[in-house]
């Protein structure tokens, strides 16, 4: 059981935004801290909750490209000025759209000549998990839009303003199919103090664990929250556990090296004595920057001895997606990838009235579905389709994905040799 001597107020953090981070004060200097000072909440980057207003001036006329709203749905066009800021805008009043569809519905969006996708009707990006598609309809707006949470919808689909006009048909897939997903916004509360988690071990509180999915060698790969950033009050636990596990190489998805060295007690940490690469990646899984970054990290693993530990700040989004790729590469089954991903959320959420309340099965299943959905979506954006089934081979499409990011077959084989 995790113990501490100091009582603290709850720090509420929202998963889907994944943008609010905590800059904490002094931590203890021992391997397992006794207390953590009061946190100061600071944003890592500007929130992406709202959809940018598009330019409504256009030479295309509504009469030339008519909009039909009938019993089967909305049939319309994306005009040249509807491709903006990575989003696709449809100049049809949200209030009119919401007379047939409702927030929480799942719709099928057929972008003629490009793709057909399913996505929930919501108001803002943070209503859905990171990397998910969304159909935004905000009451009072003179438009609706297609977006990705932390991504460029137009880039992923391959659409530019020069491709307009583009025919789009929106129909109902499942009434209220995402209502539970919207409810999940209200269980995303965590705390920086171990006393709020009386049922967790030190490893669980630190979100530290060995990856033991199918094909992964023993004591080869670990994941955790940050071993050096004290914002979550978990770094000294992680650093101590990493030392105990003999971690030799750290893959830091969050920091630059210069910034990492500014953390309190960095120079005296076990982390500072081992191999580390600092990738400073955005939480944008479809982006070239993120893909190139993880390949750089994988090549660093090839060049350095393990055991390896991959982390970001929480060890949640960037770490979760990166580890899912490595697990898939090594032959993990769907349920193994999902279980490891969901474990992080069980370790952090749900703190209510000062104490963690265990997530129920339906809540855990929600998080399980997120990771494999993201793998499928990101792979598909690179032209790799994966069947929507549980019993599938993840290794082959993952090798194809890594090849598309520039890794050679020899490099992929060498990475697998490091991990098996």
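Tabulated data
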item	result
CD proxy at 222 nm, helix term only [per DSSP H run n ≥ 4: -39500 (n - 2.57); per residue of the chain; nearest 500]	-8500 deg cm²/dmol
Full-extension gain in nm, residue 303 to residue 352, via 0.36 nm per residue minus C-alpha separation	13.2 nm
Calculated FRET efficiency for the pair residue 219/residue 361, C-beta based, R₀ 22 Å, to 0.05	0.10
Segment residue 392-residue 96, length gained on full extension (0.36 nm per residue, minus Cα span)	102.4 nm
Inter-centroid distance (Cα atoms) of the range 128-153 relative to the range 367-387, Å	19
Residues residue 295 and residue 264, FRET efficiency given R0 of 41 Å [Cβ-Cβ distance, rounded to 0.05]	0.85
Rule-of-thumb Rg ratio for the range 244-385 [Cα; 2.2 N^0.38 Å; N residues]	1.13
Alpha-carbon centroid distance for the pair the range 400-419 / the range 298-334, whole angstrom	13
Principal axis box of the chain, alpha-carbon based, largest edge first, Å	71, 52, 39
GNM flexibility winner over the chain from 337, 159, 148 (Cα, springs under 10 Å)	159
Shape call, the range 68-183: gyration tensor on alpha carbons, a/c limit 1.5	oblate
Pair residue 112, residue 256: separation of 7 Å Cα→Cβ label points (nm)	4.8
Inter-label distance, nm, simple model (7 Å from Cα along the C-beta direction), residue 373/residue 410	4.1
FRET efficiency, 1/(1 + (r/R0)^6) with R0 22 Å, evaluated for residue 335 and residue 403 via beta carbons	0.25
Where labels lie 7 Å past Cα in the beta-carbon direction, separation of residue 160 and residue 174 in nm	3.7
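Read-outs throughout are calculated quantities, based only on the coordinates presented, and are distinct from any laboratory measurement. All values reported here derive from a predicted model rather than from experimental measurement. Reconstructed Cβ throughout: ideal geometry from the backbone, glycine too, with neighbour counts over all protein chains shown.
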